[in-house]
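Visitor: I have a structure here, written as structure tokens, and I will follow up with some questions on it.
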């Protein structure tokens, strides 16, 4: 995890105390941050019980930003990300914005300009870039281990009602259009690591929409054909809120081999000319929270040391743009036909 000593004196504000905000607050404590604040809003009934001992609790944004925090963690509903992020950047705070960055591109150019002009660090919370399997795959691709890439296939699906059993899934941000929900933005991690591997992706055709099975006003499944503009790699991406058991798999096919990944098995494999060449397996005691800890530590260390985080604001905007184009194609497919 690296040296956490420089983090002890950082003043960090967490905006939003839903499940991810509570996770971030807990992880900040584990990383050694001693000066913490939380903006929880006025409706306390919306939040799970959480230990706020030693935390400065705010109910007004102006009050919170006026306290002079060094960094702000934006973990409220997607639809409110840009407003909070822009205000926090204008106050001089470094930014960690939960994925997706927003539900629209409006305001992103202004945020980039504010971050640059004030010499701030801004990171988007796509923590799968810290997964040991995906790090290994990134290295294998960089080494050209399977030759020229011929194509990639990704399947990501999970039953939405099982995500947070303590709440009505229909009230979660992932399920509500006005909060920036829908499977495409919520599972944007898949688009992010594909962007990390292959660069800019152009959505060629996408289909999907609302199955009706979950009573949602947002898309619960989407399938897209994308093309890497850098290497002309065709990518077939499927995402849904419906699969039981959950699936998160990827297969990359090259002229000389195959790379495969199964998140739930915690294993990635590199096969060359029909034989297993190398494998990456998560440790037996590995916990998913390691991703969030590593991502937050990367951001805080970047803020302290002044270097780029692993997932920059500009990359977050590029990935959001891809996701929104897929979303627009799915919406067009869903429209009534004459």
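No value in this document is a laboratory result; all are computed from the given coordinates. These figures come from a predicted structure and were not determined experimentally. Here Cβ is always computed from backbone atoms with ideal geometry, including for glycine, and neighbour counts include all displayed protein chains.
Visitor: Just to be sure I understand: of the beta bridges DSSP finds with both ends in the chain, what percent are antiparallel, rounded to 5? If you can, show how the numbers build up before the last one.
Guide: Numbers: 41 of 68 bridges.
Here the antiparallel bridges make up roughly 60 percent for the chain.
Visitor: When the gyration tensor of region 218-338 is built from Cα positions, what are the square roots of 5 times its three eigenvalues, in whole Å, from largest to smallest? Before the final figure, lay out each step's value.
Guide: Numbers: eigenvalues 158, 117, 62 Å².
Each semi-axis is the square root of five times an eigenvalue, giving 28, 24, 18 Å.
Visitor: Right, something else. Can you give me the orientation-averaged projected area of the convex hull built on the Cα atoms of region 294-338, in nm²?
Guide: Values: hull surface 15.7 nm².
The number I arrive at for region 294-338 is 3.9 nm².
Visitor: What order do you get for 184, 259, 317 when you list them from fewest to most C-beta neighbours inside 10 Å? Could the numbers behind the result be given before it?
Guide: Details: 184 29, 259 26, 317 17.
With the sparsest Cβ surroundings first, the list reads 317, 259, 184.
Visitor: So for the chain, averaging the separation of alpha carbon pairs under 8 Å that are six or more residues apart and normalising by length, what relative contact order in percent results? Please list the in-between numbers first.
Guide: On the way: 670 pairs, mean separation 65.0, N = 338.
So the answer I get is 19 percent.
Visitor: Kirkwood hydrodynamic radius (Cα pairs, Å) of region 227-296? It would help to have the intermediate numbers written out before the result.
Guide: Numbers: mean 1/r = 0.0686 Å⁻¹.
That comes to 14.6 Å for region 227-296.
Visitor: Follow-up question, since we're still on this one. Pick from 143, 86, 301 the residue whose mean-square fluctuation is largest in a GNM of the chain, springs joining Cα atoms under 10 Å.
Guide: Judging by the Gaussian network model, the answer is 143.
Visitor: Now, a different point. Arrange the following residues from fewest to most other Cβ atoms within 10 Å of their Cβ: 115, 121.
Guide: On the way: 115 20, 121 23.
If I rank by nearby Cβ atoms, fewest first, I get 115, 121.
Visitor: Continuing with the same structure: Once the Cα atoms of helix 108-117 and of the chain are each reduced to a long axis, what angle between those two axes, in degrees from 0 to 90 to the nearest 10, is obtained?
Guide: The angle comes out near 60 degrees.
Visitor: What do you get for the angle between helix 188-198 and the principal long axis of the chain? Use alpha-carbon atoms, 0 to 90 degrees, nearest ten.
Guide: Once rounded, the angle reads 60 degrees.
Visitor: Consider just the alpha-carbon atoms of the chain and return their Rg together with their Dmax, both in angstrom.
Guide: 20.1, 64
Visitor: Oh, and also: If the elastic network links every pair of Cα atoms under 10 Å, which of 307, 131, 24 fluctuates the most in the Gaussian network model of the chain?
Guide: 307
Visitor: Would you mind putting 76-83, 285-292 in packing order, based on average other-beta-carbon counts within 10 Å, highest first?
Guide: The peptides rank, most packed first, as 76-83, 285-292.
Visitor: Pulled fully out, how much extra length does the chain show between residue 116 and residue 63, if you take 0.36 nm times their separation in residues and subtract their Cα-Cα distance? Numbers along the way, then the final one.
Guide: Values: separation 53, 0.36 × 53 = 19.08 nm, distance 2.47 nm.
Separation in residues times 0.36 nm, less the Cα-Cα distance, equals 16.6 nm.
Visitor: Quick one: among 192, 262, 168, which has the greatest mean-square fluctuation in a GNM of the chain with alpha-carbon springs under 10 angstrom?
Guide: 168
Visitor: Still on this structure: Helix 81-90: angle to the longest alpha-carbon principal axis of the chain, degrees 0 to 90, nearest 10?
Guide: Helix 81-90 and the main axis of the chain meet at about 50 degrees.
Visitor: Could you work out how much longer the chain between residue 247 and residue 207 gets when fully extended? Use 0.36 nm per residue separation minus the Cα distance between them, nm to one decimal. Please list the in-between numbers first.
Guide: On the way: separation 40, 0.36 × 40 = 14.40 nm, distance 1.94 nm.
Extending this stretch completely gives an extra 12.5 nm.
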